[in-house]
Amino acid sequence: MITIANVSSSALSFFGQSVAANASIQVSESVVDLAAKGVGPYAQDFKNLLVSADRGLVTVAALGTTYSSSVGLETALSTMLQTLVASQLGSDSVDIKLTDWRIVSSGGDVGDTTANGGLLSSNTAPLLRGDANESQEIVWAASGVVALQCSFPVPLNMDLTQDARLELDVLTDNAGGGGIDAASFGVECSFDGATQVADTATDGTPATTSHTISATIAAADMPDTARRITIAITPAAHGNDPIALELSKLVYKKKLVTS
């Protein structure tokens, strides 16, 4: 809620309410947001806060700070609206299809034409196959630690000042019995070809059913001007059991795109 106080010696009207001298009202951010966009019955009241002769007689409390000058009111309302927009934006994601991943060497190179350029198939290691219910999955045999890599443009609405995370849906095939190996992965990211940064998607509770693990990519590791991202994943040791990757996506905080 935004608190609007009348600090004048007479009553004023704002957002459909008469505000007595030295009294205040609370207005929801959504109402002010619509009014600022010129929508709804209170659009003129919003303009009054910014341009009327009364604006110097009104204070606005927003985000823990009280503003009273005309410039201050504009700052308060602008800050409030930006915060409101940011809260509404929330998160988005880049869905990385299983077929986007390619087998690469330790240096990030795909195989030559005889190796199909690193494309996954039913006889590659790892392999791409249908599970018992005919849903696709990438499977590494026990002890298999071949790396996969993909690359894509940084989304225009990705806020590179906020942490992102790589989510992986994984499972362990424990058909042979015994302890269940973890389906953990090392994650390496680079932006615009810069030095890779290393993170880990740890499978803290290994299971034979699909579950989500994730690796956090710190904002400090993402340049503000980045235009492309390359991600490599490498299985951790799993000497006894095959492991499977069923879904992958990069989840990030959205920013307001102004142009």
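In region 95-141, how many residues are among the β-branched types (Val, Ile, Thr) and either touching a Phe, Trp or Tyr at 6+ places or on another chain (Cβ under 7 Å) or outside any strand (DSSP E or B) (or both)? Of the residues in region 95-141, 5 are among the β-branched types (Val, Ile, Thr) and either touching a Phe, Trp or Tyr at 6+ places or on another chain (Cβ under 7 Å) or outside any strand (DSSP E or B) (or both). Selection within region 142-158: residues that are on the phi < 0 side of the Ramachandran plot and in a loop (DSSP other than H, G, I, E, B). The member of this set that is modelled with the lowest pLDDT is ASN157.
Scan region 152-191 residue by residue and report those that are free of Cβ contacts under 8 Å to residues at least 40 places away in the same chain and closer than 18 Å to ASP100 by Cβ. Answer for region 152-191, where residues must be free of Cβ contacts under 8 Å to residues at least 40 places away in the same chain and closer than 18 Å to ASP100 by Cβ: just PHE191.
The values are calculated or read from the model by the stated rules, or taken from the named source; none is laboratory data. These numbers come from a predicted model, not from an experiment. Cβ sites come from the backbone with ideal geometry, for glycine too, and all protein chains shown count toward neighbours.
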